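**Student:** Below you will find the structure I want to go over with you.
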There are 4 protein chains.
Amino acid sequence: MTINSVSVKQVTFGKQPAIVIAGPCSIESEEHIFKEAQALKAAGVDMIRAGAYKPRTSPHAFQGLGFEGVKYLRAAADSVHLPMVTEVLSEYDVEKLIDLVDMFQVGSRNMYNYQLLKLLGQAGKPVLLKRGFSATLKEWEMAGQYLMSEGKASVVYCERGIRSFQDETRNTLDLAGAILLQAKTKQPVIIDPSHASGRRDLILPLSKAALAANISGVMIEVHHNPDQAWTDAAQTIDYSLLDQLMKECQPWLTSN
Amino acid sequence: MTINSVSVKQVTFGKQPAIVIAGPCSIESEEHIFKEAQALKAAGVDMIRAGAYKPRTSPHAFQGLGFEGVKYLRAAADSVHLPMVTEVLSEYDVEKLIDLVDMFQVGSRNMYNYQLLKLLGQAGKPVLLKRGFSATLKEWEMAGQYLMSEGKASVVYCERGIRSFQDETRNTLDLAGAILLQAKTKQPVIIDPSHASGRRDLILPLSKAALAANISGVMIEVHHNPDQAWTDAAQTIDYSLLDQLMKECQPWLTSN
Amino acid sequence: MTINSVSVKQVTFGKQPAIVIAGPCSIESEEHIFKEAQALKAAGVDMIRAGAYKPRTSPHAFQGLGFEGVKYLRAAADSVHLPMVTEVLSEYDVEKLIDLVDMFQVGSRNMYNYQLLKLLGQAGKPVLLKRGFSATLKEWEMAGQYLMSEGKASVVYCERGIRSFQDETRNTLDLAGAILLQAKTKQPVIIDPSHASGRRDLILPLSKAALAANISGVMIEVHHNPDQAWTDAAQTIDYSLLDQLMKECQPWLTSN
Amino acid sequence: MTINSVSVKQVTFGKQPAIVIAGPCSIESEEHIFKEAQALKAAGVDMIRAGAYKPRTSPHAFQGLGFEGVKYLRAAADSVHLPMVTEVLSEYDVEKLIDLVDMFQVGSRNMYNYQLLKLLGQAGKPVLLKRGFSATLKEWEMAGQYLMSEGKASVVYCERGIRSFQDETRNTLDLAGAILLQAKTKQPVIIDPSHASGRRDLILPLSKAALAANISGVMIEVHHNPDQAWTDAAQTIDYSLLDQLMKECQPWLTSN
């Protein structure tokens, strides 16, 4: 089965080998993101992820560094020659960010924000589209149609776990759904084992599982000191575990 | 237990008696909404609902009449001296609509659209906040905090069914969750039995159930000819069933 | 709509007025169940419930008083002239219990235990059939068919909450499902707000809601000293709250 | 991490390599199961599965060949020198079947049937314990404790998908849950991609995913002519696809 290619600078989703996106949940400072970028480069990941606009359940929680944060991430990514992806929350920010980012991320909370999707569809940058907390495959596919129907933007879908009664993982990774969507849409689908599981000990086995099933990549939360990460500490791995992951996933991360 | 009052013109949520909001899913034309408004007035409902901006799963489906539609609804509501509520989807539309609407509706798809919530919180109109498809009570409550933390907007929460494995109703009405949220936040909570069930035959018993449990109101989809409604036909009732509902719910719809 | 009558001694399910079954989760001793029975009679309930065979998640937890417990319950119920219902777990116990019980209860864990259902269908006593944790309406209905297809047993269905992502109640009461099943099967359906919610503060509003929606009865966990109940303490109410419930539900508990 | 070994004749679960159990959903006749057994042996599977006692949603559906069916399966398995596993539904059948079966299967519907579990725990044969439709990991683990607490029976857990809102697969495979349970209990955990997905096209990728994540085996529904299978046709694969699966899973099915 041939998957449509989605290119973000030198990175191509949808072809062998699979892609690894990694980085901290939040950009905490300019110094912080430069330090992470160097370590990510050294670990051999393909692309950096980090959040500047953070959609938080409470309006009183840390909301991210905002526009300054995106500028730090831009500079940090350039310093190590890796492309980057970051989340956009507001219609007003699309134009502001378009020359700064390599790929826009639409988070689970905004998968149904069709006005934002329409604007991003006109903007023309590639988009990483996370699945809503309880989106059906049809809804998720159609959200991608909001992005692609203008013919300008290309989409990489990201499965990040769905909500179920199960309470020992943060969400329930729907690997079968990810496989089905990739087969149906022919667009690359990756998984985010960090949000799917909420547990460091599951990042490695879930990554291997997805790659063995021909999923196009993984997106992982990494931090120099996970226990000190400002957000998502419980699911963030350190560089030692990232190195192990890169090594054990080697069969799917190199071209044959 | 005392519930905080939320007033929309002559209508007050959170006090006895309970409030009935009703109307068609979509505004189909100027003539259509005037005709519905007259029938809604005759039926004795407190407030009119109708959608001009429709968040549809597919970008190729009917997206609503937009700004023209809101103007038709404004005029129709005025013609029968009833307040109205309609959904807003885009940050760009808040300012445009603020002088036209009596109450903004935030739909399930945008419950997590925190940028829209922040703008509405600054705008200061009352907001009807529907629960996300699988929002926890905490997330739903906090979404209301995004609206109220500026101290300008007041919120009425609306439970419209959550997603579960159950496949014989469109969603699963979480009446217990609605009761808990009202007790915890002291803000009025109403239910939408139309979206919760997706079935005409459940609108009446679910409405009675909610009102008997001290829920502050119901929001119901009504149409002159439900089978011809452009959207949500299967869950839309006609005026004969609305009359029966108003009659059977009488104990909770009149002050004692 | 006419519902088929199910009679258990002087109690008739499926006709007005609605039926109240109440009692402790577990029979703790002979003295205990006699004391509860007297209080239940004084409160005006129609039927006593109490468990002697307890299906516990852990094999190391209290498993109930067993056959001795059923004999205590039989005597206690007779002492106040009320019928009783108690759960049966094992195929081997059906014959042993048949002359002792007025109505068998099949719990959620055994709704799919078709061998037990077949034996109960041949035994011919009325059965209270609880819905499985995530049983579809079709499965629940068909489990009742296992009981009724021999033509000997009659069934009262009991909705006790389904599993969902919602974590602030023990389960999610599917009131719409209960209403639909009663309409479809014409058999009486009651609700168990105790297991559905897991919270004392929801027993009263959920009972009123169900009765207002024409549900045929409620089953409630009551204990002289709920905080000391051996099992299900958090959802068990005391007699003062039971009195309030009987009073506020009066419109549905007396014939018109 | 070391997993406890569970041996069924020459087959050992919990050690490398992983185990493949395969066979038809139902035993349809003596001739049928002999034919399948020969093909399964030729395909290189480790163990045969087939059902004689079928727990069907409707009492009017085919209930399986019963005791005769088990005898056919016994003879067929012996004819190709493979061990077999088959489901037991009734407490009364445990003693009857104990000398015929190599491993008992407890299906999802009976995971909470603690009386059956207790009897099987005393019987002492190895047991394949499927997860209930919406069992928490704790409940599933504890069901295994009912089997193992007597010290006679050993358990292999089988994840077969849980119920969620997702409607494009029959169930939602909870691979993360399977991994967690194996890590916590140290007992072997296998997956059943047939019931988890309900789709032939997902059997192969889900099997590879699970094996890459160090799951101890897979159980797969196979039939000479899947479209003619009496039960579960949509999820049953043919021998050509089984051959492909055995080949593509080779890295995990051979010792290193």
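The values are calculated or read from the model by the stated rules, or taken from the named source; none is laboratory data. The structure presented is a predicted model; accordingly, all values stated were derived computationally and were not measured. Every residue, glycine among them, receives a Cβ derived from its backbone with ideal geometry; neighbour counts consider all protein chains shown. Only protein heavy atoms, including side chains, enter the accessible area calculation; ligands, DNA and RNA are left aside. Shrake-Rupley method; radii C 1.70, N 1.55, O 1.52, S 1.80 Å.
**Student:** When the residues of the range A:132-145 are filtered to those that are without any contact (Cβ under 8 Å) to a residue 40 or more places away in the chain and within 16 Å of the chain's Cα centre (by Cα), which remaining residue is nearest to residue A:118 (Cα to Cα)?
**Tutor:** A:132
**Student:** Considering (1) open to solvent by less than 50 Å² (accessible area, probe 1.4 Å); (2) hydrophobic (A, V, I, L, M, F, W, C); (3) at pLDDT 95 or above, say which one residue B:61 fails and leave the rest.
**Tutor:** Only one criterion in (1) open to solvent by less than 50 Å² (accessible area, probe 1.4 Å); (2) hydrophobic (A, V, I, L, M, F, W, C); (3) at pLDDT 95 or above is unmet by residue B:61, namely (3).
**Student:** If you don't mind, another one. Suppose the filter is over 23 Å from residue B:243 (Cβ atoms), buried (at least 23 other Cβ atoms within 10 Å of the Cβ) and out of contact with any Phe, Trp or Tyr (no Cβ under 6 Å at 6 or more places or on another chain); does residue B:112 pass it?
**Tutor:** So residue B:112 fits the description; yes.
**Student:** Residue check: is residue D:244 open to solvent by 40 Å² or more (accessible area, probe 1.4 Å), modelled with pLDDT of 95 or more and more than 17 Å from residue D:170 (Cβ to Cβ)?
**Tutor:** Taking the combined requirement at face value, the residue satisfies it.
**Student:** Moving on to the next point. Of everything in the range A:229-241 that's under 21 Å from residue D:212 (Cβ atoms) and modelled with pLDDT of 95 or more, which residue is least open to solvent (accessible area, probe 1.4 Å)?
**Tutor:** Of everything passing the filter in the range A:229-241, A:237 is least open to solvent (accessible area, probe 1.4 Å).
**Student:** Sticking with this one: Just name the residue that is modelled with the lowest pLDDT out of those in the range D:102-144 that are in a loop (DSSP other than H, G, I, E, B) and small (Gly, Ala, Ser). Can you show your working first?
**Tutor:** We begin by selecting, within the range D:102-144, every residue in a loop (DSSP other than H, G, I, E, B); these are D:102, D:107, D:111-113, D:124-126, D:131-136.
Adding the requirement that they be small (Gly, Ala, Ser) leaves D:107, D:124, D:132, D:134-135.
On the way: D:107: 98, D:124: 90, D:132: 98, D:134: 97, D:135: 98.
Ranking the candidates gives D:124 first.
**Student:** Here's something else I'd like to know. Have a look at A:188, A:193 and point out the one that is away from chain D (no Cβ under 14 Å), under 29 Å from residue A:52 (Cβ atoms), buried (at least 23 other Cβ atoms within 10 Å of the Cβ) and not β-branched (Val, Ile, Thr).
**Tutor:** Exactly one residue qualifies, and that residue is A:188.
**Student:** Could you say which residue among C:183, C:229 is under 21 Å from residue C:41 (Cα atoms) and either more than 16 Å from the chain's Cα centre (by Cα) or facing chain B (nearest Cβ under 9 Å) (or both)?
**Tutor:** After ruling out the rest, the residue left standing is C:229.
**Student:** Could you list, in sequence order, the residues of the range D:95-107 that are open to solvent by 10 Å² or more (accessible area, probe 1.4 Å) and touching a residue at least 12 places away in the same chain (Cβ under 8 Å)?
**Tutor:** Once the filter is applied, which keeps residues that are open to solvent by 10 Å² or more (accessible area, probe 1.4 Å) and touching a residue at least 12 places away in the same chain (Cβ under 8 Å), the range D:95-107 yields D:95, D:96, D:98, D:100, D:102, D:105.
**Student:** Residues being within 11 Å of another protein chain (Cβ to nearest Cβ) and either closer than 18 Å to residue B:25 by Cβ or in contact with a Lys or Arg (Cβ under 7 Å, 6 or more places away or on another chain) (or both): count how many of those fall in the range B:65-94.
**Tutor:** The total comes to 2.
**Student:** For the range C:122-142, give me the residue count where each residue is closer than 21 Å to residue C:186 by Cα and within 9 Å of chain D (Cβ to nearest Cβ).
**Tutor:** Residues meeting the conditions: 6.
**Student:** Can you tell me which condition residue A:99 does not meet? The list is (1) out of contact with any Asp or Glu (no Cβ under 8 Å at 6 or more places or on another chain); (2) part of a loop (DSSP other than H, G, I, E, B); (3) more than 13 Å from every other protein chain (Cβ to nearest Cβ); (4) under 28 Å from residue A:181 (Cβ atoms), and all the others hold.
**Tutor:** Condition not satisfied by residue A:99: (4).
**Student:** Another question, then. Name the one entry in B:76, B:39 that is touching a Phe, Trp or Tyr at 6+ places or on another chain (Cβ under 6 Å) and open to solvent by 10 Å² or more (accessible area, probe 1.4 Å).
**Tutor:** Step by step, each of B:76, B:39 is checked, and only B:39 is touching a Phe, Trp or Tyr at 6+ places or on another chain (Cβ under 6 Å) and open to solvent by 10 Å² or more (accessible area, probe 1.4 Å).
**Student:** Could you tell me which residue of the range D:143-167 is nearest to residue A:131 (Cα to Cα), considering only residues that are basic (Lys, Arg) and more than 9 Å from every other protein chain (Cβ to nearest Cβ)?
**Tutor:** D:160
**Student:** Is the range C:26-49 home to any residue that is within 14 Å of another protein chain (Cβ to nearest Cβ) and out of contact with any Cys (no Cβ under 7 Å at 6 or more places or on another chain)?
**Tutor:** no
**Student:** Examine the range D:17-27 for a residue that is among the polar types (S, T, N, Q) and open to solvent by 10 Å² or more (accessible area, probe 1.4 Å), and state whether such a residue exists.
**Tutor:** The initial filter retains those residues of the range D:17-27 that are among the polar types (S, T, N, Q), namely D:26.
Remaining after also requiring open to solvent by 10 Å² or more (accessible area, probe 1.4 Å): none.
Taking every residue of the range D:17-27 in turn, none turns out to be among the polar types (S, T, N, Q) and open to solvent by 10 Å² or more (accessible area, probe 1.4 Å).
**Student:** What residue, of B:20, B:45, is modelled with pLDDT of 95 or more, in a loop (DSSP other than H, G, I, E, B) and among the β-branched types (Val, Ile, Thr)?
**Tutor:** Of B:20, B:45, the one residue that is modelled with pLDDT of 95 or more, in a loop (DSSP other than H, G, I, E, B) and among the β-branched types (Val, Ile, Thr) is B:45.
**Student:** Are any residues in the range D:108-121 within 12 Å of chain C (Cβ to nearest Cβ) and touching a residue at least 24 places away in the same chain (Cβ under 8 Å), and if so, which ones?
**Tutor:** Narrowing the range D:108-121 to residues within 12 Å of chain C (Cβ to nearest Cβ): D:108-119, D:121.
Selection gives D:108, D:109, D:110, D:111, D:112, D:114, D:115, D:116, D:117, D:118, D:119, D:121.
**Student:** Another one. May I ask you to verify whether residue A:168 is closer than 28 Å to residue A:234 by Cβ, free of Cβ contacts under 8 Å to residues at least 12 places away in the same chain and among the charged types (D, E, K, R)?
**Tutor:** yes
**Student:** Please pick out the residue among B:138, B:96, B:130, B:152 that is touching a Cys at 6+ places or on another chain (Cβ under 6 Å) and among the charged types (D, E, K, R).
**Tutor:** Matching residue, one of B:138, B:96, B:130, B:152: B:130.
**Student:** Of the residues in the range D:1-16, how many are buried (at least 21 other Cβ atoms within 10 Å of the Cβ) and modelled with pLDDT under 95?
**Tutor:** Number satisfying all stated conditions: 0.
**Student:** Let me ask something else about it. Which condition number in (1) surrounded by fewer than 23 Cβ atoms within 10 Å (Cβ to Cβ); (2) of a type outside the set (Asp, Glu); (3) on the phi < 0 side of the Ramachandran plot; (4) facing chain B (nearest Cβ under 8 Å) is the one that residue C:170 fails?
**Tutor:** Looking at each condition in turn, residue C:170 falls short on (4).
**Student:** OK, next. Could you say whether any residue in the range B:58-78 is without any contact (Cβ under 8 Å) to a residue 60 or more places away in the chain, β-branched (Val, Ile, Thr) and not in a helix (DSSP H, G or I)?
**Tutor:** no
**Student:** Give the residues of the range D:196-226 that are away from chain A (no Cβ under 12 Å) and buried (at least 19 other Cβ atoms within 10 Å of the Cβ), sorted by residue number. Step through it out loud before you land on a result.
**Tutor:** Of the range D:196-226, the ones away from chain A (no Cβ under 12 Å) are D:200, D:216-226.
D:216, D:217, D:218, D:219, D:220, D:221, D:222, D:223, D:226 - these are the residues of the range D:196-226 that are away from chain A (no Cβ under 12 Å) and buried (at least 19 other Cβ atoms within 10 Å of the Cβ).
**Student:** Right, here's the next one. Tell me the residue from D:79, D:90, D:149 that is over 22 Å from residue D:217 (Cβ atoms), modelled with pLDDT under 95 and either within 17 Å of the chain's Cα centre (by Cα) or small (Gly, Ala, Ser) (or both), please.
**Tutor:** D:149
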